[in-house]
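Data first, discussion second: the structure below is written as structure tokens.
The numbers here are math on the coordinates, done by the rules we state, and not lab data. Source: prediction; values computed, not measured. Note that we place each Cβ from the backbone using ideal geometry, even for glycine, and neighbour counts take in every protein chain shown.
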């Protein structure tokens, strides 16, 4: 056998000996970029979940006020006024017989307390427009991280009895 034939198998086995350092570094960089992308998506998912929770709370609070207005239809313009703790709530031990306007002010007081407690820097407002049927605009405003001030509005028409 010639010396060239003896060297050929050895040269072939050296080329297929494994990964080089450059290949390992490139694969590490590709995996690192993928992990950074996954971490960014995870952070955005957490933020979107927090925003969705706040919006759900705001919608539920606005619906609660709309239900209070439907129950006390005669309160009308008093819902657009200032809230007051008139001790009208029989569930909380209040034994006062309230007028519809006093009940509306009490509902507004309790509702604003709930809005401030449930949402960060939360505030609620109700505007009243007389007409047939009367129209109430219920607004809930709060601070959302990364978005600033956010407002949820619900317009309700409640005919008087």
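Order these by the 10 Å Cβ neighbour count, fewest first: 119, 57, 74, 21. Mind dumping the intermediate values first?
Values: 119 23, 57 18, 74 12, 21 7.
If I rank by nearby Cβ atoms, fewest first, I get 21, 74, 57, 119.
If I model a spin label at residue 29 and residue 161 as a point 7 Å from the Cα along the Cα→Cβ vector, what separation in nanometres do I get?
7.6 nm
With a/c under 1.5 counting as rounded, go ahead and sort the range 58-157 into rounded, prolate or oblate using the C-alpha gyration tensor (a ≥ b ≥ c being the square roots of the eigenvalues; past the cut-off, prolate if a/b is larger than b/c, else oblate).
Details: a/c = 2.51, a/b = 1.35, b/c = 1.85.
The shape class here is oblate.
For residue 39 and residue 153, what is the calculated FRET efficiency with R₀ set at 30 Å and r taken between the beta-carbons, to the nearest 0.05? Present the calculation step by step, with values, prior to reporting the outcome.
Details: r = 36 Å, r/R0 = 1.19.
Result of the calculation: an efficiency of 0.25.
Set the Förster distance to 35 Å, then compute FRET efficiency between residue 21 and residue 47 from the Cβ-Cβ distance, nearest 0.05.
Plugging the Cβ-Cβ distance into 1/(1 + (r/R0)^6) gives 0.35.
Gain in length, residue 67 to residue 127, computed as 0.36 nm per residue apart minus the alpha-carbon separation, to one decimal in nm?
Details: separation 60, 0.36 × 60 = 21.60 nm, distance 1.52 nm.
Length difference between fully extended and current span is 20.1 nm.
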